[in-house]
């Protein structure tokens, strides 16, 4: 049932008793407001409209003395919570005072902006500026490249613990296959990419990364889609993944988080504050510990990670930051269940056809510094230097296919000893802002140097004992074949120079131009069964 209630509206107006600006001698006694309004309209040259429900049960004060109709109306409405709104000359509408322009004294408020996106307290999803595409702080809308950012707010909301989980938010980026769980690789726009960048510096996870990349100390992940070789040299044309670590902050922040799962747990710590009164010396400390099991046999992974950062603000124009990351742990691979025909073999869900010794242990340390100095408001110089050293030992047992009986699984053994990697890299950038003929230019002139060395002993056995998938008997220990082992070492070295000009024209037109020169050298020198081979590029 629909009930429609029609409220009556009173419309009282005068004949021609006088002008709205002429004072009238009033003698009205205290009475209901609707009656007083009708009498006022009858004795003045005015028209007063009001909703009967609005003035119901309101008492008007007495009105005595000489007042213009407008003054008289104001007197009658005083204290009623209503006001007269003039809609035309001599015509008024009675409305609630709160809906009009009546002045009110509001309590004092302190208005503050949202925390900066780099603040530990920030929950912003929007990151308007990035440095990945241009090596300058440039709004994404002014960057002629496709940039997608995964801020820490998204990683926190999703409780992501790996780089792969975080990059699920980026279109066109898919996680690649990872050997033995030691490394991560990604396909970006169809191109397989092993490398990742940290604050614009290249690292090789295929050889130097130990375990999945820890994200506990990341502020955000910036993904550039498309070519970026002018600034970064040798890089896949699909794009790049740039990891931006957390920076020390003067505002104190302390966070301890514990995550639990059916077979794993993760503990993380984030702390930052100032070490002195003038906030010139800041620190940040990130810590993570993972312990991961499984319902599957032999799976036991863990790692310990700590990343201290110390920043000294020497002056308003000069700062230096010292950084370190240390990680150690072990990981084991699970090769899954073999297929019989086009269906998985019917095996117990916990059965693992690998070996208990098939695991890798690793230790990795990264250390470096960066400093910057602003000569003035237009020119600034930045320098970065990092070194990374890692050591890995591991064993892997991989399936190579079922035999004709559909129960005997052939396997391959591979392992490495003393897999040592040393990387040194540095970059130097000079950034300037100039104006020529009313055209704004942002210039970047710089160079970078990369040096990488790897040595290892590779163990193999292509005739490793097979296993019955329905009645498995495990080997229990690695069985390398000395005839198939070999030593290896490789080196990479390159340096490059680059120049870039960002031009800002009228009508929001932006141009980006640059050039680069590279000189690179790569060597590989494996010794296999007493025979040494050498390759150079």
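The values are calculated or read from the model by the stated rules, or taken from the named source; none is laboratory data. Please read all numbers here as calculations on a predicted model, not as lab measurements. Note that we place each Cβ from the backbone using ideal geometry, even for glycine, and neighbour counts take in every protein chain shown.
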With the checklist (1) closer than 18 Å to residue 155 by Cα; (2) touching a residue at least 40 places away in the same chain (Cβ under 8 Å); (3) in contact with a strand residue (DSSP E or B) (Cβ under 6 Å, 6 or more places away or on another chain) in hand, flag the one item residue 267 doesn't pass. (2)
Note: among 239, 211, just one is in contact with a helix residue (DSSP H, G or I) (Cβ under 8 Å, 6 or more places away or on another chain), outside the structural domain of residue 363 (by TED's automatic domain parsing) and at positive phi, namely 211
Evaluate the following for residue 381: is it surrounded by fewer than 15 Cβ atoms within 10 Å (Cβ to Cβ) and either touching a residue at least 40 places away in the same chain (Cβ under 8 Å) or under 30 Å from the mean Cα position of the chain (by Cα) (or both)? no
Given the residues 365, 381, which is the only one that is in contact with a strand residue (DSSP E or B) (Cβ under 9 Å, 6 or more places away or on another chain) and under 30 Å from residue 510 (Cα atoms)? 381
Could you tell me which residue of the range 175-197 is modelled with the highest pLDDT, considering only residues that are closer than 20 Å to residue 290 by Cβ and part of a strand (DSSP E or B)? 196
Which one of 296, 349 is farther than 21 Å from residue 253 by Cα and either surrounded by fewer than 15 Cβ atoms within 10 Å (Cβ to Cβ) or outside the structural domain of residue 469 (by TED's automatic domain parsing) (or both)? 349
Consider residue 288 carefully, then state whether it is part of a strand (DSSP E or B), crowded, with 18+ Cβ neighbours inside 10 Å and either in contact (Cβ under 8 Å) with a residue 40 or more places away in the chain or assigned by TED's automatic domain parsing to the domain that holds residue 365 (or both). yes
I want to confirm something. Restricting to the range 121-138 and keeping residues that are part of a loop (DSSP other than H, G, I, E, B) and without any contact (Cβ under 8 Å) to a residue 40 or more places away in the chain, which single residue is nearest to residue 233 (Cα to Cα)? 137
Selection from the range 364-376 of residues touching a residue at least 24 places away in the same chain (Cβ under 8 Å) and not in a strand (DSSP E or B) yields 375
Restricting the search to the range 326-340, which residues are in contact with a helix residue (DSSP H, G or I) (Cβ under 6 Å, 6 or more places away or on another chain) and in a strand (DSSP E or B)? 331
What's the number of the condition residue 301 fails, among (1) over 17 Å from residue 328 (Cα atoms); (2) crowded, with 16+ Cβ neighbours inside 10 Å; (3) at pLDDT below 90? (1)
Please count how many residues of the range 404-457 are farther than 25 Å from residue 525 by Cβ, without any contact (Cβ under 8 Å) to a residue 60 or more places away in the chain and within 32 Å of the chain's Cα centre (by Cα). 9
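Conditions (1) surrounded by 15 or more Cβ atoms within 10 Å (Cβ to Cβ); (2) modelled with pLDDT under 90; (3) over 29 Å from residue 362 (Cβ atoms); (4) out of contact with any helix residue (DSSP H, G or I) (no Cβ under 6 Å at 6 or more places or on another chain), marked per residue:
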| position | (1), (2), (3), (4) |
| --- | --- |
| 432 | yes, no, yes, yes |
| 443 | yes, no, yes, yes |
| 471 | no, no, yes, yes |
| 476 | no, yes, no, yes |
| 483 | no, yes, no, yes |
| 490 | yes, yes, no, yes |
Within the range 293-325, restricting to residues that are without any contact (Cβ under 8 Å) to a residue 40 or more places away in the chain and assigned to a strand (DSSP E or B), the one that is nearest to residue 282 (Cα to Cα) is 312
Looking at 403, 332, 388, 378, which one is under 30 Å from residue 441 (Cβ atoms) and either at pLDDT below 95 or in the same structural domain as residue 441 (by TED's automatic domain parsing) (or both)? 378
Test: residue 394 is touching a helix residue (DSSP H, G or I) at 6+ places or on another chain (Cβ under 7 Å) and closer than 28 Å to residue 326 by Cα: yes
